[in-house]
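What follows is one structure encoded as structure tokens, with my remarks underneath.
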Amino acid sequence: MMKVIFLGPPGCGKGTYASRICEKNDWVHISTGDLLRSAREDSEHGETIKKYQDTGGLVPDEIVLAVLKKRLERPDAEKGFILDGFPRTIPQADALESMSKIEKVINLRIPDHVIVEKILARRTCEECGNIYNIADIKFGPNDEYRMPPISPETEGKCDKCGGSLVSRSDENREIIENRLNVYREQTEPLIKHYRDKGILKDVDVTGPPAIMVPKILGVIGED
Ligand code: ADP
Ligand code: ZN
């Protein structure tokens, strides 16, 4: 049983690492971005959610908190979870305190230019949300870090469910820049917030999931 937050800029790989780590540990991967995308269909707030998500702004707390609370109340969340994309602001972190006791915060670090390249190359399964990436990115002081593509077996089709792979509507350069600005202004203050509480661990993104997943698991397991 472990309650963890993944912090990090959009495109740092949080979603991919969180989903793989949860599969291994029987925890649930809770992505507020995904929960909100699903809520567009069956919620009275669908139009509002779409408006904010499509421009890279933050969906109002009232809506996000309701969606998250409902998810945390499902019995499977008792086995442990990773929160991916929440909290994104100090008020959200304060609201979370009254819902659940978080044990660890993993702060994923990655250079900005890598983020933009990576998000532009991201492809998401329309049906199940599984993530792929078509870019081969090298970075680091001497280009020693590499993020090779995460390719499906059949081009354009999801390995898990056969669904079509698409770019999300918020994955163009202008909107990515906006999401990065929102991250810097509203989400980055959480790093200090959780560091001061003594529960934050920094992890540099230096490679593909095969490297990052064990690295992050190691850090989650540390005291
Ligand atoms: P990424 O991991 O690339 O940042 P997400 O799927 O986490 O993408 O988020 C996509 C969009 O969903 C955000 O740009 C924002 O509009 C909305 N969103 C997700 N989580 C939150 C949150 N905690 N608070 C407000 N809006 C959110
Ligand atoms: Zn799929």
Determine the pairs where a residue that is within 13 Å of Arg37 (Cβ to Cβ), located within the range 116-136, has a partner that is aromatic (Phe, Trp, Tyr) with Cβ atoms under 8 Å apart, the partner being 6 or more residues away or on another chain.
Thr124/Tyr132; Cys125/Tyr132
Assess whether Val67 counts as being in contact with a helix residue (DSSP H, G or I) (Cβ under 8 Å, 6 or more places away or on another chain) and over 11 Å from Ile5 (Cβ atoms).
yes
Might you let me know whether the range 114-133 holds any residue that is crowded, with 20+ Cβ neighbours inside 10 Å, under 17 Å from Phe6 (Cα atoms) and within 13 Å of ligand 1 (Cβ to nearest atom)?
yes
Could you run through the range 133-172 and say how many residues are within 16 Å of ligand 2 (Cβ to nearest atom), over 19 Å from Arg109 (Cβ atoms) and among the polar types (S, T, N, Q)?
4
I need the full set of residues from the range 200-212 which are in contact (Cβ under 8 Å) with a residue 60 or more places away in the chain and over 16 Å from Met2 (Cα atoms), in order please.
Asp202, Val203, Asp204, Val205, Thr206, Gly207, Pro208, Pro209, Met212
Here is a check on your reading of the model: is Ile82 of a type in the set (A, V, I, L, M, F, W, C), crowded, with 19+ Cβ neighbours inside 10 Å and either at pLDDT 95 or above or more than 30 Å from Gly140 (Cβ to Cβ) (or both)?
yes
For the range 40-57, indicate whether the set of residues that are among the acidic types (Asp, Glu), in a loop (DSSP other than H, G, I, E, B) and either more than 16 Å from ligand 2 (Cβ to nearest atom) or closer than 23 Å to Phe6 by Cβ (or both) is non-empty.
yes
Note on the range 65-92: residues within 24 Å of Ser43 (Cα to Cα), part of a helix (DSSP H, G or I) and in contact (Cβ under 8 Å) with a residue 12 or more places away in the chain are Leu65, Val67, Leu68, Lys69, Arg71, Leu72, Asp76, Ala77, Pro91, Gln92
Does the range 77-92 contain at least one residue that is over 18 Å from the mean Cα position of the chain (by Cα) and within 16 Å of ligand 1 (Cβ to nearest atom)?
yes
Only unsatisfied item for Asp61, checking (1) more than 8 Å from ligand 1 (Cβ to nearest atom); (2) surrounded by fewer than 18 Cβ atoms within 10 Å (Cβ to Cβ), is (1)
In the range 163-206, how many are over 12 Å from Ala93 (Cβ atoms), hydrophobic (A, V, I, L, M, F, W, C) and assigned to a loop (DSSP other than H, G, I, E, B)?
1
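The values are calculated or read from the model by the stated rules, or taken from the named source; none is laboratory data. Computed from a prediction, not measured in an experiment: that's the story for all the values here. Here the Cβ is made from the backbone with ideal geometry for all residues, glycine too, and neighbour counts use every protein chain on show.
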